[in-house]
Amino acid sequence: MNQQIAQNQEGYFGEFGGSFIPPELQEVMNYLTEQFNIFKDDTDFKEEYQYYLREYVGRENPLTYVDRLTKEWGGAKIYLKREDLNHTGAHKINNVIGQILLAKRMGAKRIIAETGAGQHGVATATACAMFDMECVIYMGAEDTRRQALNVFRMELLGAKVVPVAKGQGRLKDAVDEALGDLVANYKNTFYLLGSAVGPHPFPTMVKHFQSIISEESKRQILEKEGRLPDVVLACAGGGSNAIGAFAHYLDEPSVRLIGVEPDQAPTLSEGVPGVIHGFKCLVLLDEEGNPKPTYSIAAGLDYPGIGPEHSHLKTSGRAEYVTVSNEEVLDAFQELSRLEGIIPALESSHAVAHAKKLAPTLPKDAIIIINLSGRGDKDVEQVFHMLKK
Ligand SMILES: *Cc1c(COP(=O)(O)O)cnc(C)c1O
């Protein structure tokens, strides 16, 4: 899968990104790139996307000022961008709606996707139900056992979940299987990728659809405060909620952009340039040069690579990337719940945990926006068991 195809510089962010895939897959990606470029600026397409974001996802969601948390931390004013309030409880649906609408325009009848913990699979199955698309979700066999309830959710929503027993039965094996399906069935099938990773055009496309987050937050903070925030914080797994939360601030040098990772999957802090899943990024490698297994209490952050644009933002210095510990994450999860009545996803709790350290170091009139990527209902049972120990 590592054969480099000579192609133009499209899809590169500095030295990162690109497309490192076999020729038959490259042809499918070229066609996808062409179609995406046509439809992303098409007025009807944009109106349809906005329609479903409003009527189905429930956008725009609020930018909530949290007074008790602000006072408790004793520094900068804290605002939360409420992706947790979207239908299905996280930001992933923004991207899923955009890609399914593109799939429909391209004449696809069948959607395939990979999923690790199951969250992207559930978001995909949800939208496939509404758009009446056949839906096949590839999931590592090991992951189907650990996430039996998410498998059932996807099946309830009408999707077919295919357990992949090859390899280690994890996300990577599910990706390989989905790519095989795509090559065999590309004429009627669309591969709906869940994060800002993979070969071009996926990182660019996923960013495009997730940029709605910062398009809204920028308008909202200007309305509420009459100025831009000082800091925007987001957790980073593959990097889709973070790039969406950063996008409209990238050209505003006064806004600090900070991505937060688990200290047990410190891709941007300790990764080196390498190729995984068909693109170049900073990646955690073991002694033999293979992607290193990561362990995060937040399933959505458990990925040894990171989107190519984040790799570039880190290398170029435009964005900062930090890590937090499990203990700090659990603490943040409980504190936001107790003080504000908002139970955050464990992934999002990473961003909250870093904000807790940063806020007291900033003046009281400084503004921090935390992108609350999802709600924590899915994590309550896990946290219950972790806290009992
Ligand atoms: C999947 C997920 C993430 C991580 O994915 P990104 O592509 O890095 O955004 C973060 N938060 C939540 C709630 C998720 O479901």
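FYI, it's all coordinate maths here, none of it is from the lab. Keep in mind that what you see is a predicted model, and the values were worked out from it rather than measured. Because the Cβ atoms are built from the backbone with ideal geometry, glycine has one as well, and the counts that use them run over all protein chains shown.
Of note:
- Taking GluC sites (Glu not before Pro) across the range 243-296, the ones in a DSSP loop with at most 16 further Cβ atoms lying within 10 angstrom of their Cβ are E287, E288.
- Karplus-derived HN-Hα couplings along the range 178-191 (A = 6.51, B = -1.76, C = 1.60, θ = phi - 60°), whole Hz, x at Gly and Pro: 5, 5, x, 4, 4, 4, 6, 10, 4, 5, 10, 10, 10, 8
- With the highest mean first, a sort of the peptides 316-326, 80-90 on other beta-carbon atoms found within 10 angstrom per residue produces 80-90, 316-326.
- Residue separation of E34 and Y295 scaled by 0.36 nm, minus their Cα-Cα distance, works out to 90.2 nm of gained length.
- Nearest-ten-degree value, helix 23-39 long axis tilted from longest Cα axis of the chain: 60
- Each Lys and Arg contributes +1 and each Asp and Glu -1, all at the Cβ; summed about the Cα centre of the range 326-378, the dipole is approximately 100 debye.
- Under 5 Å, built H, 5+ apart or other chain: amide partners of I21: I5
- The angle between the Cα long axis of helix 119-131 and the longest principal axis of the Cα atoms of the chain comes to about 70 degrees, rounded to the nearest 10.
- Degrees, to the nearest 10: 92-105 long Cα axis against longest axis of the chain: 30
- Note, ³J(HN,Hα) from phi for the range 149-159, Karplus 6.51, -1.76, 1.60, rounded to Hz, x at Gly and Pro: 5, 5, 4, 4, 4, 4, 5, 4, 7, x, 8
- Taking amide H as placed 1.01 Å from N in the peptide plane, C135 has its amide H under 5 Å from the amide H of I111, K160, each at least 5 places away in sequence or on another chain.
- Unsatisfied cross-links (Cα-Cα over 21 Å) in the set K81/K224; K109/K160; K40/K207; K160/K207; K46/K224: K160/K207; K46/K224
- In this structure the amide hydrogen of I306, modeled in the peptide plane, comes within under 5 Å of the amide hydrogens of L282, none closer than 5 places in sequence on its chain.
- Unpaired by the 4.7 Å Cβ criterion, cysteines found in the chain: C235, C281
- Under the Karplus curve 6.51 cos²θ - 1.76 cosθ + 1.60, θ = phi - 60°, whole-Hz ³J(HN,Hα) for the range 60-69, x wherever Gly or Pro sits: 7, 8, x, 10, 8, 7, 10, 6, 5, 5
- Under a model in which nothing but the beta-carbon of Lys, Arg (+1) and Asp, Glu (-1) is charged, the chain shows a dipole of about 600 debye around its Cα centre.
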